[in-house]
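Just so it is clear, none of the values below were taken in a lab; they were calculated from the coordinates. Keep in mind that what you see is a predicted model, and the values were worked out from it rather than measured. Glycine also receives a Cβ, built like all others from the backbone with ideal geometry; neighbour counts cover every protein chain displayed.
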Amino acid sequence: MTTVHAPATFDSLNPATDAVVGTYAVHSAEQVEAAVARAKEAADWWASLGFAGRAERLGRWRAAIARRMSELCAVVGEETGKPAGDAQLEVVLAIEHLAWAAKNARKVLGPRRRMPGLLLSNQAASVEYHPLGVIGVIGPWNYPVYTPLGSVSYALAAGNAVVFKPSEYTPGVGKWLVDTFAEAVPERPVLQLVTGLGETGAALTRAGVDKIAFTGSAATGKKVMAAAAETLTPVVIEAGGKDPLLVDEDADLDAAADATVWGAFSNAGQTCAGVERVYVHQRVYDEFVAKVVDKARRVEPGRDYGPMTMPAQLDVVRRHIEDALARGGKALLGGKDAVGARFVEPTVLVDVPEDSAAVREETFGPTVTIAKVADMDEAVAKANDSTYGLGSTVFSKQRGMELARRLRTGQTAINAPLSFAGIASLPFGGLGDSGFGRIHGPEGLREFARPKAIARQRFPAPIALTTFARSKTTEALVGKLIAKLHGRG
Ligand code: NDP
């Protein structure tokens, strides 16, 4: 007897109302493998177009996204609950990155001459970057356009096909992006969508892709890496953060307070590189804290930011606040009752012990801890005392560059919040529990390509070393030459 299973589906909900906004297939491992097989063929065609052919088509896609931005923002708003202005901000940044990747792919990945060195001066040496093939992109829900496109755009510009698995909370955004790509590039399935829950993502890591680009929590990142290890599939992991902001005694305190409030509370704190901890020089601590509280008081959930997209995150935020208060911390704004059924009020915590969950673990909610430090050495030491290392921010008039260089994070913004995320030519990524590898910028293009080295002989070597016909005289000559060249010092 054969049992016929109806295809499994799941609903995408509006987190502000729980209304169902779409129903999507839970793709099985077989369906994911079939998508990857189709992608392999599409990848050959896409690679054969060359940089110019791809740039032209990526330009069509970029133009469609830019023209129909309000449509995309509406889907983002429905699935994440974020205000229209925030949805637009992430779409704008994603468009900038797509444009940069398409425009710069040839310059970054195209053939380049290299010096062959004295002994092999008869060779013409060059390197060029070839596409990997098929990239599996697994994305989160917090910036469902900007974050996955940080991998997708760069992978496509480098000549790869992509199979994209969006978060189960934002499949509609993923579908919109893939559908508009198919309108711009109707010839082959160069960018495909697979939907489902975590298991569909797990299937993608095992489906024979040439690289996995994962963005999500460190815990899931470890599972993805373990699964990818079975087939030696390389991974780039963009995981969470516990980003610090440092305020020096000479800082513009209004600007620093504004950046703290935006960095901590925008998108309901659901930003991987959002501000979660602040370390302030003792001389300006009281004034700075007063400014933050004053500005934070005017931030209104529902107007300035949306609900928590993932209901389970409410428990994490509540636990961090309760733990901080139980251990001697004080809430200058928000606190125990800040966590509602869907929304969380802005919460400013001070005097929180450095070893408490609110300081050590990623909260991913609209809360911030502020601590007083004796000097900026203490600020740097405390900022660096974290298992994460994604982003950081420094407010200082004199010492911005020096402090930025000392922070153990992938990127640092000086005197502005999160500025690095909008600059398409800068690489983005973390260290430690924040992951490894880079998206964005030239490094982001190279992440999805393999270097191909070519040495072309221009004329026979005057000193032939790689032949059995090599003479003792040649060996003696080379020995003397190298001793003369490198033997000094
Ligand atoms: P998760 O780790 O829960 O999920 C990320 C993605 O992985 C989702 O698409 C998820 O699918 C999928 N997934 C779940 N289980 C598996 C598995 N076993 N194998 C493969 N894929 C799987 O993260 P969130 O979606 O909650 O995203 C929030 C996290 O992302 C935060 O930690 C945040 O800091 C981080 N982040 C990092 C960024 C960066 O660039 N460094 C940028 C943005 C966010 P499903 O949703 O269907 O379960």
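Sequence gap at least 6, Cα distance under 8 Å: using those rules, report the relative contact order of the chain to the nearest whole percent. This gives 18 percent for the chain. Secondary structure note: in the stretch 349-483, about 35% of the DSSP beta bridges are antiparallel. Only bridges whose two residues both fall in the stretch 243-423 count here: according to DSSP, what percent of them are antiparallel, nearest 5? Bridges in the stretch 243-423 that DSSP calls antiparallel: roughly 15 percent.
Counting only DSSP H runs of at least 4 residues, each contributing -39500 (n - 2.57), and dividing by the residue count of the chain, the helix-based mean residue ellipticity at 222 nm comes to -13000 deg cm²/dmol. A dipole drawn for the stretch 243-423 from +1 and -1 charges on Cβ atoms has a positive end, and of Ala256, Pro417, Ala404 the residue lying farthest that way is Pro417.
Using only Cα atoms, tell me the angle between helix 146-157 and the longest principal axis of the chain; keep it within 0 to 90° and round to the nearest 10. Approximately 10 degrees, to the nearest ten. Bridges between two residues of the chain, per DSSP, are antiparallel at a rate of about 40%.
Relative to the dominant Cα principal axis of the chain, helix 313-326 is inclined by about 60°.
Computed on the Cα atoms alone, the convex hull of the chain gives a volume of 195 cubic angstrom per residue. Mind checking which of Phe10, Thr233, Ile138 is farthest towards the positive end of the chain's charge dipole, using Cβ charges of +1 (Lys, Arg) and -1 (Asp, Glu) about the Cα centre? Of the listed residues, the answer is Thr233.
Considering only Val92, His320, Val275, the residue lying farthest towards the positive end of the dipole of the chain is Val92, judged by Cα position with unit charges set on Cβ. Measure nothing but the geometry: give the 0 to 90° angle between the long axis through the Cα atoms of 218-229 and the longest principal axis through the Cα atoms of the chain, rounded to 10°. The two axes meet at around 30 degrees.
Run down the lysines and flag those whose C-alpha is under 29 Å from the C-alpha of Lys222, throwing out any fewer than 8 positions away in its chain. Answer for Lys222, where 29 Å is the Cα cut-off: Lys40, Lys82, Lys165, Lys175, Lys211, Lys242, Lys382, listed by chain and number. Using only side-chain charges placed at the Cβ, +1 for Lys and Arg and -1 for Asp and Glu, the dipole size of the chain relative to its Cα centre rounds to 2860 debye.
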